[in-house]
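Working notes, beginning with the structure itself.
The values are calculated or read from the model by the stated rules, or taken from the named source; none is laboratory data. Source: prediction; values computed, not measured. Note that each Cβ is placed from the backbone with ideal geometry, even for glycine, and that neighbours are counted across all protein chains shown.
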Amino acid sequence: MGLVTCVLAAVVQAPASEPFYAPGVRPDRVILTWEDQPATTQSVTWRSRPVTQPAVAQIAPAEDGQLFVRSAVPVPARSETVTIDGVTAQFHSVKFMGLTPNTKYVYRVGDNVQWSEWFQFTTASDTDAPFSFIYFGDAQNEIRSMWSRVIRQAVRDLPDASFFLHAGDLIDHPNADEEWGEWFGGAGWANAMIPSVPSPGNHEYGGTPRVISSLWRPQFALPTNGVPGLEESNYFFDYQGARIISLNSNEKVDEQAVWLDRLLAQGRPRWVIVTFHHPVFSAAQNRDNPRIRNAWKPIFDKHRVDLVLQGHDHTYARGTYSNVPEGTRGRAGSTMYVVSVSGPKMYNLDREPWMQRAAEDTQLYQLITVDRNSIRYEARTASGRPYDGFALVKQRDGSNRLQERIPRTPENRRLTPVASDR
């Protein structure tokens with residue numbers, strides 16, 4: 001009886017009119033991203049209730065104890081007020097500049113009255129050096145209840161990840177603040193210590209005409225070096241010998257093709273990794289993206305793009321297309337393509353010969369390690385079980401030699417197809 005009474009009292013005391021993810025007096029949704037060079041800069045964004053005090057961050061080189069606070073430097077924030085889905089909040093952003101490469105820093109954000117806890121991050125090296133990152137396909141649905149365990153298991157498996165890469169459809173409705181609250185809550189403190197590299201999916205778009213979420217740019221500080229009009233959704237940065245490129249597969253597809261061709265023609269690091277939402281080759285039934293394929297695949301082939309990471313199809317498929325014949329699918333290339341899903345929404349797989357490994361009804365995350373000579377890839381299920389793996393080994397002529405590392409377990413396939421939607 002005592003326990004029941006306590007639970008009922010807690011329910012009664014909760015304000016009925018207060019949104020579950022409303023901003024509070026302390027900073028929340030703290031997230032690291034990059035607007036500029038990862039070796040010497042770091043951007044951070046956070047949210048608060050509308051306040052009159054100017055927002056600010058503090059940063060210092062990390063030490064083994066508490067004495068770093070004496071040397072913490074304040075950095076004023078850029079702030080804007082956004083009202084969406086019945087919630088009014090201020091979004092604040094700081095770009096720390098002039099940082100030392102390969103160095104650990106501590107920082108906190110607030111307004112000189114209310115502060116976050118102190119977080120840590122490490123800048124990238126300014127030379128080629130091994131690094132690892134975690135790639136997620138669509139989270140999108142039932143984010144708090146079903147996706148949270150995926151990103152948390154991934155962080156347990158790779159706690160020193162250099163960044164998270166999200167291939168679109170982070171949420172289901174572009175301007176649903178509660179869904180964004182669930183997405184930020186899923187990763188929690190990890191977002192404030194491991195930078196994120198997000199690309200927009202079709203569910204980040206809405207309205208007529210369709211436009212990107214009103215929260216995309218306020219809550220993510222990303223590069224503006226892509227096609228004009230696609231700032232912070234089409235961009236690139238270099239990280240320790242690899243070029244990471246985000247394309248926006250929702251609009252300006254042809255303009256991005258021209259931009260990408262010019263970017264890669266100017267010289268490239270040893271590795272090129274491209275991410276976007278709509279797959280070049282669909283993995284699910286009755287879904288195809290010929291416009292994306294016709295515009296972008298020839299450029300991937302021309303410049304020998306190494307790895308393409310995608311979402312959208314709510315299945316898993318991975319392959320090189322080297323065994324795809326000439327014809328409507330275009331010239332075969334050696335680029336490794338992946339379609340993956342991290343959330344619980346699932347579609348029917350359309351199994352095709354190019355797929356070296358595939359899955360249905362399987363929530364996945366991918367651990368990817370890059371060094372001078374190879375890219376090593378492992379897909380794991382939500383429970384942490386290895387499901388797929390390979391390595392790309394760079395040859396002297398710039399091509400890649402594929403080493404398959406698929407576990408000796410059957411593919412996860414569903415017995416009964418289900419209806420799919422977009």
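Filter segment 208-228 down to the residues that are without any contact (Cβ under 8 Å) to a residue 24 or more places away in the chain and assigned to a loop (DSSP other than H, G, I, E, B), then identify the one that is nearest to PRO27 (Cα to Cα).
ASN225
Quick one: would you say ALA72 is more than 26 Å from the chain's Cα centre (by Cα), over 17 Å from SER196 (Cα atoms) and not assigned by TED's automatic domain parsing to the domain that holds HIS166?
Considered against the rule, which asks whether it is more than 26 Å from the chain's Cα centre (by Cα), over 17 Å from SER196 (Cα atoms) and not assigned by TED's automatic domain parsing to the domain that holds HIS166, ALA72 comes out as yes.
Within segment 28-52, can you find the residues that are in a loop (DSSP other than H, G, I, E, B) and either among the small types (Gly, Ala, Ser) or not assigned by TED's automatic domain parsing to the domain that holds PHE96 (or both)?
ALA39
For segment 78-136, how many residues are part of a loop (DSSP other than H, G, I, E, B) and either surrounded by fewer than 20 Cβ atoms within 10 Å (Cβ to Cβ) or in contact with a Phe, Trp or Tyr (Cβ under 8 Å, 6 or more places away or on another chain) (or both)?
Residues in segment 78-136 being part of a loop (DSSP other than H, G, I, E, B) and either surrounded by fewer than 20 Cβ atoms within 10 Å (Cβ to Cβ) or in contact with a Phe, Trp or Tyr (Cβ under 8 Å, 6 or more places away or on another chain) (or both): 23 in total.
What tally of residues in segment 283-311 results from selecting those that are over 18 Å from the mean Cα position of the chain (by Cα) and within 17 Å of PHE136 (Cα to Cα)?
1
Taking the stated definitions as given, is GLU231 without any contact (Cβ under 8 Å) to a residue 60 or more places away in the chain, of a type outside the set (Phe, Trp, Tyr), crowded, with 23+ Cβ neighbours inside 10 Å and under 28 Å from LEU264 (Cβ atoms)?
Judged against the criteria, GLU231 is not a match.
So in segment 264-307, with the set limited to residues that are under 21 Å from LEU349 (Cα atoms) and among the small types (Gly, Ala, Ser), which one is surrounded by the most Cβ atoms within 10 Å (Cβ to Cβ)?
In this case the residue turns out to be ALA283.
If we scan segment 190-198, do we find a residue that is over 16 Å from PHE136 (Cα atoms), outside the structural domain of PHE91 (by TED's automatic domain parsing) and either over 13 Å from the mean Cα position of the chain (by Cα) or basic (Lys, Arg) (or both)?
Checked against the condition, which is being over 16 Å from PHE136 (Cα atoms), outside the structural domain of PHE91 (by TED's automatic domain parsing) and either over 13 Å from the mean Cα position of the chain (by Cα) or basic (Lys, Arg) (or both), segment 190-198 yields at least one hit.
Quick check: anything in segment 176-188 modelled with pLDDT of 95 or more and within 20 Å of ILE244 (Cβ to Cβ)?
Yes - at least one qualifying residue is present in segment 176-188.
Please verify whether ASP261 is farther than 28 Å from MET346 by Cα and either among the acidic types (Asp, Glu) or outside the structural domain of MET355 (by TED's automatic domain parsing) (or both), treating the condition exactly as stated.
The answer is yes for ASP261.
When you look at ASP388, is it surrounded by 17 or more Cβ atoms within 10 Å (Cβ to Cβ) and closer than 16 Å to GLY137 by Cα, yes or no?
When the stated conditions are applied, ASP388 passes them.
For segment 382-392, does any single residue satisfy the condition of being farther than 30 Å from GLY186 by Cα, assigned to a strand (DSSP E or B) and out of contact with any Cys (no Cβ under 8 Å at 6 or more places or on another chain)?
yes
Only one of these conditions is not met by PRO74: (1) closer than 29 Å to PRO200 by Cβ; (2) in a strand (DSSP E or B); (3) without any contact (Cβ under 8 Å) to a residue 24 or more places away in the chain. Which number is it?
Among (1) closer than 29 Å to PRO200 by Cβ; (2) in a strand (DSSP E or B); (3) without any contact (Cβ under 8 Å) to a residue 24 or more places away in the chain, PRO74 violates only (1).
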